[in-house]
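Read through the structure below, which is laid out as structure tokens, and then see the notes.
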Amino acid sequence: MLERPSPAVAANRFGLGARPGELAQIGSQPRDWLRAQLAGAPPLVADSELRSSAETLARALDARRELRAAKRAAAAERTSQSSDTADAPNQANALAALTKVGQIYRPVYIAEASARFRQAASTDRPFVERLTYFWTNHFAVSIDKNIVLGLAGSLEREAIRPNVLGRFSDMLLAVERHPAMLLYLDNHMSVGPHSKAARLLGRRQSGRRVGINENLARETLELHTLGVHGGYTQADVTTFAEVITGWSIGGDVGRFPRGEPGEFLFRPELHEPGAKVVLGKRYADTGYDQGVAVLRDLAANTATAHFIATKLARHFIADDPPARAVERIANAFLSSDGHLPTVYRALIETPESWTQPLSKYKTPNDYIVSTFRGLELPVDAGRSPLAPFEVMGQRTYSPGSPAGWPDRGADWDGASALIKRIEWADAVGQRVGSRRDAVALAPQLLGDSLTPATRTAIARAASTSQAVTLLLSSPEFMRR
Amino acid sequence: MRTLKRREFLHAGALALGGTFLTSRLAFASTGNTKSRLVFIVMRGALDGLAAAPPYGDSDYAGLRRELALKAPGSPGGVLPLNGFFGLHPSLTFLHDSYTARELVVFHAIASPYRERSHFDGQDVLENGSSQAHAVQTGWLNRALASLQSGQGQSKELGVALGQNIPLVMRGPASVTSWSPSKLAALDDDTLERITDLYAGDPLLAARLGDALAADAIADSAASPMQAAAAIGDALPNQSLPQRGRPMRYTELVRAAAGFLRRDDGPQVAVFDTTGWDTHANEGNAEGQLAGRLVALDAGLRTLKEELGPAWADTAVVLATEFGRTAATNGTRGTDHGTATAAFLLGGAVQGGRVLADWPGLSAHSLYQGRDLKPTTDLRSVLKGVLSEHLLVSSSALETSVFPNSADARPIKDLLRG
């Protein structure tokens with residue numbers, strides 16, 4: 001057990017890995033170094049290439065409209081002409097329009113993911129960056145749903161970052177109304193069964209059932225607030241889904257085109273009318289505000305505080321987090337009304353945060369970022385810096401499910417995952433080893449967690465590049 | 001220095017490592033029935049069993065499913081008939097061929113013991129083999145392998161997870177490994193030796209490195225060589241970002257699995273994940289989102305059979321998901337989280353051509369909680385039957401360590417050819 005908080009623990013466990021000189025800068029008061037990062041406005045990502053979610057969505061909606069028009073024209077062409085119409089102009093247009101939709105999201109994603117990486121590699125507030133990652137993963141969307149490719153980065157920039165040093169309830173609201181979340185969990189087209197829209201569509205007798213989609217409501221309860229054992233029922237899921245019917249997006253995304261394209265839009269005609277009971281409490285029908293009221297109550301629920309405290313403690317302290325630390329963090333959450341800096345301060349003040357160094361196995365993201373920081377590698381423009389994330393199995397914004405990336409060592413320490421890490425470390429060593437002194441770097445990056453065995457192995461390496469490979473492959477660099 | 005390929009390193013270099021390298025890991029161990037091969041495919045996201053194996057003969061089916069309903073056999077886009085009541089989704093042509101060849105059993109109205117509707121707890125129960133999420137941190141398949149290993153008194157890898165990491169179902173006391181293709185250059189033997197030494201004091205990393213090298217030794221000779229490329233600036237392949245409508249590619253996974261399984265000295269059990277089954281909106285019917293996923297899965301299974309060659313005759317493949325989806329279509333032309341679903345047992349070793357279902361019906365009063373297909377068969381009954389007849393896992397191990405407190409889920413007999 002450590003006598004006093006270690007700078008290496010501060011930089012590696014709560015940060016993104018030390019840069020050369022960072023441990024000295026942290027000095028003898030690691031908690032102060034972390035607390036200072038919580039002061040002031042949260043750092044935003046400044047990059048002239050980045051666009052708002054509304055702009056990206058509006059462009060995509062335009063392209064989709066063109067595609068539909070082109071398809072109609074091409075279909076008309078096919079029926080009106082004979083079979084030899086391979087070079088018919090409208091069919092060529094349809095193809096061009098289709099390509100255009102596909103081309104909108106990809107450069108947006110690449111710009112977002114590399115701006116995020118650049119920020120992580122260079123920030124001097126790495127604790128805030130780690131907290132941002134934590135919340136992005138808590139409110140996970142995944143790019144394996146195509147539209148999220150264009151919106152995941154903006155969700156983080158528009159809903160997470162501005163609130164990471166604010167209140168949980170504000171972040172929750174910002175996330176649930178963000179187009180990325182509404183589209184990822186299908187709420188934009190969820191229709192109240194007794195709404196105006198349902199009556200209208202019913203009269204048209206299209207044969208289609210209109211009604212709710214409970215996806216966002218369920219995941220909000222299960223993953224974003226109360227947790228799966230937070231005491232809600234299937235009826236709560238269904239009713240909450242009715243409460244948030246109408247939470248949608250402007251433009252031609254639903255059955256009734258209107259509103260600012262790509263912006264959040266409450267569509268009253270989709271909203272299920274009437275008062276509703278969620279978790280035993282009655283909410284009058286105030287339209288959009290009905291959903292806001294439920295979310296505010298969910299944010300203040302004791303179950304939410306414990307769920308979030310457990311996740312924070314698991315993420316930062318240990319796979320099986322110490323109960324006392326969880327309790328302390330949950331109490332801070334409840335007593336501060338979800339004021340996040342207060343919650344984070346409880347996390348860094350609890351002694352358990354400092355007594356079990358290296359108890360967490362780094363995720364591939366942690367591993368790559370800490371390598372770039374430790375070796376001061378530049379994050380180049382374009383998509384090439386994103387390759388190692390994919391190679392090591394953690395492509396940015398692709399957790400694959402709304403539960404986010406898993407957060408235990410057993411989820412990441414597979415044999416094949418380890419060998420890829422080492423192979424990549426070796427490639428890094430061969431690339432930059434001749435210009436780095438691993439013998440001098442090792443204590444600067446690992447501080448008091450550097451073991452004699454690793455120090456000796458690096459010192460005896462056959463080449464400077466092999467020395468870098470050994471530093472990056474060492475057990476203490478694999479963990480935090 | 002001469003750079004050996006990793007496999008050569010393993011054979012030539014083991015002695016040079018002065019005994020620090022675990023030579024015993026170089027061979028995979030065998031189960032009680034050394035020829036049997038088992039593949040477990042986890043379908044993450046809750047497969048719509050009423051779409052994959054539609055009960056088109058049920059008079060309530062079409063009304064509940066509305067625009068998602070599949071047409072009767074014979075009509076365009078109609079289901080592929082099985083027994084006059086159940087069919088297969090029209091995308092599942094290989095599975096249908098397998099049924100005709102008596103190599104497929106379809107189970108229906110089946111579920112794990114989990115009765116809530118969280119994907120993540122549902123998958124935990126599916127994999128941990130208990131009736132509670134997070135009750136244990138190991139998987140039933142690993143514990144089954146452990147019961148076989150303890151009888152042999154050796155610790156070698158019986159199983160391989162295709163992927164970088166090991167899913168819960170394969171985690172536990174038995175030694176297993178994971179493998180996925182690498183685009184990175186292999187390490188030279190000197191660096192590898194030094195890293196092995198560096199891990200001497202770290203049991204976890206030492207074991208993982210040993211497992212990885214053992215798996216690579218097999219894969220190097222089985223799979224096609226991957227292109228080596230420098231890493232930091234390695235360009236993303238054009239196809240690597242997801243594109244709408246592009247079916248998932250199982251080919252590489254399945255080839256790798258077959259490469260391991262068809263060897264006499266390879267692992268006998270392989271697991272891998274499939275995803276994309278969470279069809280809340282625009283699920284489609286004979287065509288569409290789910291159909292695209294099923295086409296890719298079906299093609300992957302066909303490739304698995306082809307790649308296994310003669311070993312297919314000794315193979316059983318189990319496909320299972322965490323739970324099913326609502327019986328009725330929801331408001332967004334999809335289905336929400338439900339309860340019972342379908343599962344599949346496939347392979348040359350399977351006594352197939354059967355649908356096994358205690359069908360509860362789809363009428364309003366027979367639905368579970370008024371919305372889901374009611375579970376009438378416990379998935380563990382299937383898994384127990386397969387483990388006991390195929391891998392010869394003892395019934396005492398099945399009842400105690402593999403599926404604790406599962407006495408009510410009696411093993412289904414005669415799933416495998418005798």
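Some values worked out for this structure:
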item	result
Yes/no for B:Leu308 being more than 12 Å from chain A (Cβ to nearest Cβ), more than 30 Å from A:Gly246 (Cβ to Cβ) and touching a strand residue (DSSP E or B) at 6+ places or on another chain (Cβ under 8 Å)	yes
Matching residues in the range A:287-316 - criterion: being among the small types (Gly, Ala, Ser) and within 21 Å of the chain's Cα centre (by Cα)	A:Ala299, A:Ala305, A:Ala309, A:Ala313
Residue match in the range B:188-195 (condition: more than 23 Å from the chain's Cα centre (by Cα) and more than 10 Å from chain A (Cβ to nearest Cβ))	yes
Counted residues, the range B:210-239 - those being over 18 Å from B:Gly266 (Cα atoms) and modelled with pLDDT of 50 or more	0
Flag for B:Asp273 being surrounded by fewer than 24 Cβ atoms within 10 Å (Cβ to Cβ) and closer than 21 Å to B:Val160 by Cα	yes
Positions within the range A:373-403 being over 25 Å from A:Ala140 (Cα atoms) and not charged (D, E, K, R), in sequence order	A:Gly374, A:Leu375, A:Leu377, A:Pro378, A:Ala381
The range B:59-109 - residue that is among the aliphatic types (A, V, I, L, M) and assigned to a loop (DSSP other than H, G, I, E, B) and, of those, nearest to B:Ala296 (Cα to Cα)	B:Leu92
Qualifying residue in the range A:389-408 (condition: within 7 Å of chain B (Cβ to nearest Cβ) and surrounded by 23 or more Cβ atoms within 10 Å (Cβ to Cβ))	yes
Criterion violated by A:Val228 - all others in (1) crowded, with 24+ Cβ neighbours inside 10 Å; (2) closer than 28 Å to A:Leu334 by Cα; (3) at the interface with chain B (Cβ under 9 Å from one of its Cβ atoms) satisfied	(1)
Tally, over the range A:396-448, of residues that are within 23 Å of the chain's Cα centre (by Cα) and of a type in the set (Ser, Thr, Tyr)	4
Matching residues in the range A:406-465 - criterion: being over 26 Å from B:Ala207 (Cβ atoms), among the polar types (S, T, N, Q) and modelled with pLDDT under 95	A:Gln430, A:Ser434, A:Ser463, A:Thr464, A:Ser465
Checklist (1) more than 14 Å from every other protein chain (Cβ to nearest Cβ); (2) in a loop (DSSP other than H, G, I, E, B) applied to B:Gly331, failing item	(1)
Pairs, first within 11 Å of chain B (Cβ to nearest Cβ) in the range A:442-458, second hydroxyl-bearing (Ser, Thr, Tyr) and outside any helix (DSSP H, G or I), C-beta under 8 Å, six or more apart	A:Thr451/A:Ser474; A:Thr454/A:Ser474; A:Ala457/A:Ser474; A:Ile458/A:Ser474
Elements of type helices (runs of 4 or more DSSP H) contained in the range A:291-388, each with 2 or more residues being surrounded by fewer than 21 Cβ atoms within 10 Å (Cβ to Cβ) and at pLDDT 95 or above	A:302-316, A:323-335, A:340-349
Test for B:Leu373: is it out of contact with any Lys or Arg (no Cβ under 7 Å at 6 or more places or on another chain), among the hydrophobic types (A, V, I, L, M, F, W, C) and either more than 19 Å from B:Pro411 (Cα to Cα) or within 14 Å of chain A (Cβ to nearest Cβ) (or both)	yes
Any hit, the range A:261-280, residues being crowded, with 19+ Cβ neighbours inside 10 Å, on the phi > 0 side of the Ramachandran plot and not aliphatic (A, V, I, L, M)	yes
3 or more residues more than 9 Å from chain B (Cβ to nearest Cβ), under 15 Å from the mean Cα position of the chain (by Cα) and buried (at least 22 other Cβ atoms within 10 Å of the Cβ): qualifying helices (runs of 4 or more DSSP H) within the range A:137-212	A:152-155, A:168-176, A:179-184
Conditions (1) of a type in the set (Gly, Ala, Ser); (2) under 22 Å from B:Glu399 (Cβ atoms); (3) within 14 Å of chain A (Cβ to nearest Cβ): number failed by B:Ala111	(3)
Qualifying positions in the range A:1-40 - of a type in the set (Asp, Glu), farther than 19 Å from A:Phe316 by Cβ and in a helix (DSSP H, G or I)	none
Criterion (within 20 Å of the chain's Cα centre (by Cα), more than 27 Å from B:Leu294 (Cβ to Cβ) and in the same structural domain as B:Leu64 (by TED's automatic domain parsing)) met by exactly one of B:Glu322, B:Glu389	B:Glu389
Check on B:Leu141, crowded, with 23+ Cβ neighbours inside 10 Å, at the interface with chain A (Cβ under 10 Å from one of its Cβ atoms) and at negative phi	no
One residue from A:Ala427, A:Ala417 being facing chain B (nearest Cβ under 7 Å), touching a Pro at 6+ places or on another chain (Cβ under 8 Å) and buried (at least 23 other Cβ atoms within 10 Å of the Cβ)	A:Ala417
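Here's the yes/no breakdown for (1) free of Cβ contacts under 8 Å to residues at least 24 places away in the same chain; (2) on the phi > 0 side of the Ramachandran plot:
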position: A:Thr371; (1), (2): no, no
position: A:Val379; (1), (2): no, no
position: A:Arg383; (1), (2): no, no
position: A:Val391; (1), (2): no, no
position: A:Ser398; (1), (2): no, no
position: A:Gly404; (1), (2): no, yes
position: A:Asp407; (1), (2): no, no
position: A:Gly414; (1), (2): yes, no
position: A:Ile422; (1), (2): no, no
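The values are calculated or read from the model by the stated rules, or taken from the named source; none is laboratory data. The structure presented is a predicted model; accordingly, all values stated were derived computationally and were not measured. Cβ: placed from backbone, ideal geometry, glycine included. Neighbour counts: every protein chain shown.
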